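J.: First the structure, then my questions, so here it is.
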Amino acid sequence: MKQSVKHILKSSFPLLGVLVALFEQLIFSDSSLHPVSARHYYTSLLLILLVLALAFLTLSIFKTNFREKFSEKGAFFFGSGVFLALLNLISAKFALLPVIFFPSFDNVLAVFIEQTPVILKCIGYSFRLLLLGVLYGTVAGFITGIFLGFSKKVYYWINPYIKLIGPIPATAWIPLVLTTFPTPLGASIFIIALAVWFPVQLMTSSGIQNTSKVYFEVGKTLGAGTFFQIFRIAVPAALPNIFQGVFNGICGAFIALMTAEMFGAKYGIGWYISYQKAMMMYSGVYAGLIMIALFCTVIITALFQVRKRVLSWQKGMVRW
């Protein structure tokens, strides 16, 4: 009983965090130095979060499994509410930070509402670039990693060159790539693929090389051919390393994506941030940064779910 009460109290922390941010927003008025937003978007957002926090608190009272999971995040959500309240005080309310570089939350949220068509177009453009670049880079890295990990001859001749070229940041190749490829689209895809290729091939080859030789010897004894040894022994054993390489590659792909879109692209999140910065509209810059954070979070979360299904045999053995 005491444990249940403790979990319920922890589940109320998100509600308290939203209330702190909401009261701060309602009690203090914005500084006159900030441009006045057409509507109170931040207040509306806090009210929506308040309703959600109440719903989750109610659900946690009746659902034991949900209560335990939700209560673990309670302190974090409360701290996030306090952080937003403090940030809102020093930026929008008291204007202690330069107004041009630190706009109010209302002005940042207004960008998402008032420029929705442009934002959606930029997200779609960036998603296409990222999808193609990650796909090509992962396939190339996977194939290269198999050859390097399974063949000693290929490793002997090719690995020294990869050690020289691989560590060079993909964005450093932008001036050369832009003059080589006929279109900025092709150049951007190549830069993103290059950023993904190196960590994927590195972790794939490492995973295959670290596979126990006993597995291959048993496979040969039972008559397994080269194809079977690669795709039924080496690759399954190296899957944890391969996923780690893909995770690292996606992080590098986002850096390459944002940089590539700032050179010659007509749309995209990177282009949007660069354009807003040139126009000294830093509310748009922060909106672009929020888009990147959400974009990356969604993709990484989806990849985690894929890994969870593929590597279900690791559950209970490895902490994710």
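The values are calculated or read from the model by the stated rules, or taken from the named source; none is laboratory data. All values reported here derive from a predicted model rather than from experimental measurement. Note that each Cβ is placed from the backbone with ideal geometry, even for glycine, and that neighbours are counted across all protein chains shown. Ligands, DNA and RNA are excluded from the accessible area calculation, which covers all protein heavy atoms including side chains. Shrake-Rupley method; radii C 1.70, N 1.55, O 1.52, S 1.80 Å.
Each row is one residue, and each column tells you yes or no for (1) part of a helix (DSSP H, G or I); (2) in contact with a Leu (Cβ under 7 Å, 6 or more places away or on another chain); (3) of a type in the set (G, A, S).
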residue	(1), (2), (3)
V82	yes, no, no
A92	yes, no, yes
F102	no, no, no
F112	yes, no, no
I123	yes, no, no
V134	yes, no, no
G141	yes, no, yes
P160	yes, no, no
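J.: Something else: Kindly evaluate F94 against the criterion of being in contact with a helix residue (DSSP H, G or I) (Cβ under 6 Å, 6 or more places away or on another chain), under 21 Å from M281 (Cα atoms) and among the aromatic types (F, W, Y). So that I can check it myself, show each step before the final result.
T.: Working: in contact with a helix residue (DSSP H, G or I) (Cβ under 6 Å, 6 or more places away or on another chain): no; under 21 Å from M281 (Cα atoms): yes; among the aromatic types (F, W, Y): yes.
It is false that F94 is in contact with a helix residue (DSSP H, G or I) (Cβ under 6 Å, 6 or more places away or on another chain), under 21 Å from M281 (Cα atoms) and among the aromatic types (F, W, Y).
J.: Moving to a separate point now. Can you name the residue in segment 301-320 that is part of a loop (DSSP other than H, G, I, E, B) and farther than 15 Å from Q244 by Cβ and is also modelled with the lowest pLDDT among such residues? Explain how you work it out, then say what you get.
T.: The first filter runs over segment 301-320 and keeps only residues part of a loop (DSSP other than H, G, I, E, B), leaving 311, 315-320.
Still in the list and also farther than 15 Å from Q244 by Cβ: 315-317.
Values: K315: 62, G316: 51, M317: 48.
Among those residues, the one meeting the criterion is M317.
J.: Now, a different point. Of all the residues that make up segment 162-196, how many are among the aliphatic types (A, V, I, L, M) and not in a helix (DSSP H, G or I)? Steps first, please.
T.: First pass over segment 162-196, keeping only residues among the aliphatic types (A, V, I, L, M): 162, 164-165, 168, 170, 172, 174, 176-178, 185, 187, 189, 191-196.
After this cut, where a residue has to be not in a helix (DSSP H, G or I) as well, the list is 168.
The total comes to 1.
J.: Let me ask another. Among the residues of segment 269-287, how many are open to solvent by less than 80 Å² (accessible area, probe 1.4 Å), in contact (Cβ under 8 Å) with a residue 60 or more places away in the chain and closer than 22 Å to A92 by Cβ?
T.: Number satisfying all stated conditions: 5.
J.: Kindly provide the set of residues from segment 148-164 that are touching a residue at least 24 places away in the same chain (Cβ under 8 Å) and open to solvent by 40 Å² or more (accessible area, probe 1.4 Å), ordered by number.
T.: F150, Y155
J.: Next question. Can you find, within segment 54-80, the residue that is farthest from P14 (Cα to Cα) among those that are at pLDDT 90 or above and in contact with a Leu (Cβ under 7 Å, 6 or more places away or on another chain)?
T.: The extreme case among them is L54.
J.: Inspect all residues belonging to segment 50-57 and state whether any of them is under 27 Å from A278 (Cα atoms) and exposed (fewer than 13 other Cβ atoms within 10 Å of the Cβ).
T.: Residues of segment 50-57 under 27 Å from A278 (Cα atoms): none.
No, every residue in segment 50-57 fails to be under 27 Å from A278 (Cα atoms) and exposed (fewer than 13 other Cβ atoms within 10 Å of the Cβ).
J.: Mind telling me which of the residues I143, I174 ends up being at pLDDT below 85, surrounded by 13 or more Cβ atoms within 10 Å (Cβ to Cβ) and under 24 Å from I299 (Cβ atoms)? Spell out the reasoning first.
T.: Values: I143 fails: at pLDDT below 85.
I174 is the lone residue from the list that is at pLDDT below 85, surrounded by 13 or more Cβ atoms within 10 Å (Cβ to Cβ) and under 24 Å from I299 (Cβ atoms).
Conditions tested, residue by residue: (1) more than 30 Å from the chain's Cα centre (by Cα); (2) closer than 23 Å to Q276 by Cβ; (3) polar (S, T, N, Q); (4) buried (at least 19 other Cβ atoms within 10 Å of the Cβ).
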{"position": "P14", "(1), (2), (3), (4)": "no, no, no, yes"}
{"position": "T43", "(1), (2), (3), (4)": "no, no, yes, no"}
{"position": "K69", "(1), (2), (3), (4)": "no, no, no, no"}
{"position": "P98", "(1), (2), (3), (4)": "no, yes, no, no"}
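J.: While we're looking at this one, here's another question. Could you tell me which residue of segment 24-39 is most open to solvent (accessible area, probe 1.4 Å), considering only residues that are part of a loop (DSSP other than H, G, I, E, B) and not small (G, A, S)?
T.: Step one: of segment 24-39, the residues part of a loop (DSSP other than H, G, I, E, B) are 28-39.
Those left that are additionally not small (G, A, S): 28, 30, 33-36, 39.
Details: F28: 82, D30: 66, L33: 116, H34: 11, P35: 85, V36: 139, R39: 164 Å².
If we take residues in segment 24-39 being part of a loop (DSSP other than H, G, I, E, B) and not small (G, A, S), then R39 is most open to solvent (accessible area, probe 1.4 Å).
J.: Does F227 fit the bill of being surrounded by 15 or more Cβ atoms within 10 Å (Cβ to Cβ), without any contact (Cβ under 8 Å) to a residue 24 or more places away in the chain, more than 22 Å from A302 (Cα to Cα) and not small (G, A, S)? Break it down stepwise before answering.
T.: On the way: surrounded by 15 or more Cβ atoms within 10 Å (Cβ to Cβ): no; without any contact (Cβ under 8 Å) to a residue 24 or more places away in the chain: yes; more than 22 Å from A302 (Cα to Cα): yes; not small (G, A, S): yes.
So F227 does not fit the description; no.
J.: What are the residues in segment 111-125 that are within 14 Å of M281 (Cβ to Cβ), touching a helix residue (DSSP H, G or I) at 6+ places or on another chain (Cβ under 8 Å) and either surrounded by fewer than 21 Cβ atoms within 10 Å (Cβ to Cβ) or basic (K, R) (or both), if any? Give the derivation first.
T.: If we filter segment 111-125 for residues that are within 14 Å of M281 (Cβ to Cβ), which is where we start, we get 111-112, 114-115, 118-119.
Narrowing further to those that are touching a helix residue (DSSP H, G or I) at 6+ places or on another chain (Cβ under 8 Å): 111-112, 115, 118-119.
Matches in segment 111-125: F112, Q115, V118, I119.
J.: Here's something else I'd like to know. Which residues, counting only those in segment 195-224, are hydrophobic (A, V, I, L, M, F, W, C) and either over 30 Å from A256 (Cβ atoms) or open to solvent by 70 Å² or more (accessible area, probe 1.4 Å) (or both)?
T.: The answer is L202, V214, F216, V218, L222, A224.
J.: Scan segment 235-268 residue by residue and report those that are within 16 Å of T211 (Cα to Cα), of a type in the set (A, V, I, L, M) and crowded, with 20+ Cβ neighbours inside 10 Å.
T.: V235, A238, I242
J.: With the condition kept exactly as written, say whether any residue in segment 254-273 is more than 26 Å from L109 (Cα to Cα) and modelled with pLDDT of 85 or more.
T.: yes
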